[in-house]
Amino acid sequence: MYEAFFSILKRLNPEFTHHLGMLVVRFAGTRLGSLVLRSDKALSPAMRVMTLGAAFESPIGLAAGFDKNAVAIRGFHTLGFGHVEVGTVTPLPQPGNETPRLFRLPDDFALINRMGFNNDGVEAIAARLKKVRARGGTLPMIGVNIGKNKATPQDRAGDDYVACTKALAQYADYLVVNVSSPNTPGLRGLQERSSLEPILTAVLQHADDTPVLVKIAPDLGDEAIAEVVELVCDLGLAGIVAVNTTISREGLATSPGDVSAMGEGGLSGKPLSQRSLEVLTLIRQTLPREYCVISVGGVFTGDDAQRLLEQGATLVQAYTGFVYRGPFFARKVLEEMGGSR
Ligand SMILES: Cc1cc2nc3c(=O)[nH]c(=O)nc-3n(C[C@H](O)[C@H](O)[C@H](O)COP(=O)(O)O)c2cc1C
């Protein structure tokens with residue numbers, strides 16, 4: 001049914017459709033919504049994952065960037081996600097880049113975005129998370145992905161990550177230091193050890209007991225990935241989120257003219273799945289299993305998720321798969337994995 005509906009949705013502006021989708025998810029988070037939309041299938045206990053000092057009901061989570069402002073956490077849980085990574089959150093609210101900034105590539109089951117960390121800022125989002133926690137009830141695991149404001153000079157980036165950590169660590173089941181979005185000028189340069197080490201050290205100092213992970217780009221070379229892994233071990237981070245969107249446009253079925261008309265931004269979805277698997281494999285060559293690796297990029301089906309788990313992922317996330325397969329994406333994936341009956 002969603003396929004038919006999607007053929008209508010895909011004619012609409014992608015960002016408008018996103019807001020429409022968020023209304024549905026927010027409804028799913030209400031008492032009435034959860035009654036109407038919750039699954040009648042039970043999740044198998046075999047799906048449970050112990051990691052980051054907690055029990056995740058399943059390995060399937062929502063990747064950062066969908067619920068940037070932490071407004072629909074309960075709804076995503078109703079729809080079957082075991083964890084939700086909110087953000088990226090920056091210290092000050094910011095509008096992000098000019099629209100249009102989100103594009104669909106249906107022939108590739110992909111998206112290109114240059115959102116640019118549009119978000120409500122740390123104060124509003126911390127208040128929202130506090131309220132969510134205070135209300136209690138069943139919640140998914142909540143990750144909080146943090147970044148820097150566009151206007152913050154590169155050499156002060158660490159201050160932004162620390163400000164976010166101080167305000168948000170207490171509400172997060174885990175924190176993710178995002179140094180890999182292609183849409184904030186200079187951000188990805190922070191992945192170099194000389195920049196990354198002081199940032200991660202400072203974040204760890206203020207995170208108390210909240211596990212800290214770092215999110216990396218698929219465009220890093222193998223050596224650079226090995227260096228991040230080494231840093232994770234040296235500093236005692238909890239793990240790595242791999243991967244963010246790519247700046248590559250290789251191997252797309254969409255015509256080069258259409259692709260270049262979309263302009264700059266990060267590519268996500270199916271074209272990312274091969275590189276995501278490669279990066280995971282590379283990470284696991286040296287990173288022991290007790291470290292958490294959240295694998296993300298091109299997950300559309302239960303088989304996709306299973307492949308990553310077999311290759312050493314601790315948890316798996318998706319964004320673009322959810323856009324293309326619709327609101328019951330997580331449930332379908334869990335069913336395809338044999339994880340719900
Ligand atoms: C529209 C859009 C916005 C995104 N925003 C963020 C973000 O704010 N922070 C972040 O770490 N990743 C962000 N991502 C990247 C996703 O979290 C994920 O790493 C990437 O899309 C690959 O997964 P996928 O192929 O399942 O989409 C965004 C992705 C999309 C498509």
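The values are calculated or read from the model by the stated rules, or taken from the named source; none is laboratory data. Just so it is clear, the structure is predicted and the values come from calculations on it, not from any experiment. Every residue, glycine among them, receives a Cβ derived from its backbone with ideal geometry; neighbour counts consider all protein chains shown. The area values use the complete protein model at the heavy-atom level, side chains included, leaving out ligands, DNA and RNA. Shrake-Rupley method; radii C 1.70, N 1.55, O 1.52, S 1.80 Å.
Accessible surface of Tyr161, taken over heavy atoms with a 1.4 Å probe and every protein chain present, rounds to 0 Å². Cross-link pairs exceeding 30 Å in C-alpha to C-alpha distance, out of Lys10/Lys166; Lys166/Lys332; Lys10/Lys68; Lys41/Lys148; Lys166/Lys270, comprise Lys10/Lys166; Lys166/Lys332; Lys41/Lys148; Lys166/Lys270. Structural descriptor for the range 297-341: relative contact order 46 percent, calculated from alpha carbon pairs under 8 angstrom and at least 6 residues apart. Taking a straight Cα-Cα cut-off under 19 Å and skipping sequence neighbours fewer than 8 places away in the same chain, the aspartates and glutamates within cross-link reach of Lys130 are Asp67, Glu85, Asp120, Asp173, Asp208, Asp209.
Based on C-alpha pairs under 8 angstrom that are at least 6 apart in sequence, the range 98-203 has a relative contact order of 25 percent.
Here the range 50-65 and the range 71-102 have alpha carbon centers that stand 16 Å from each other. Of the beta bridges in the range 2-336, as assigned by DSSP with both residues counted there, near 30 percent are antiparallel. Return a whole-number percent for the relative contact order of the chain, with Cα pairs under 8 Å and 6 or more residues apart as the contact set. Relative contact order comes out at 18 percent. Tell me the mean residue ellipticity at 222 nm calculated for the chain from its helices only (DSSP H runs of n ≥ 4, each -39500 (n - 2.57), averaged over every residue, nearest 500). Taken over the chain, the calculation gives -11500 deg cm²/dmol. For the chain, the solvent-accessible area of protein heavy atoms averages 43 Å² per residue (probe radius 1.4 Å; ligands and nucleic acids excluded). Exposed loop sites here are GluC sites (Glu not before Pro) assigned a DSSP state other than H, G, I, E or B and surrounded by at most 15 other beta carbons within 10 Å; excluding them, the longest clear run of the chain is 1-97. Anisotropy class assigned to the range 151-240 is oblate, per the alpha carbon gyration tensor with a/c at or over the 1.5 cut-off and a/b no larger than b/c. Classify the chain as rounded, prolate or oblate, taking a ≥ b ≥ c as the square roots of the eigenvalues of its Cα gyration tensor: rounded when a/c is under 1.5, otherwise prolate if a/b is larger than b/c and oblate if not. Verdict is rounded for the chain.
For the chain, which whole percent of the accessible surface, found with a 1.4 angstrom probe, sits on carbon and sulfur atoms?
Summing carbon and sulfur atoms, their accessible area is 54 percent of the total for the chain.
Is the C-alpha gyration tensor of the range 100-182 telling us rounded, prolate or oblate? Criteria: a/c under 1.5 is rounded; beyond that, a/b larger than b/c is prolate, otherwise oblate. Note, shape of the range 100-182 comes out oblate.
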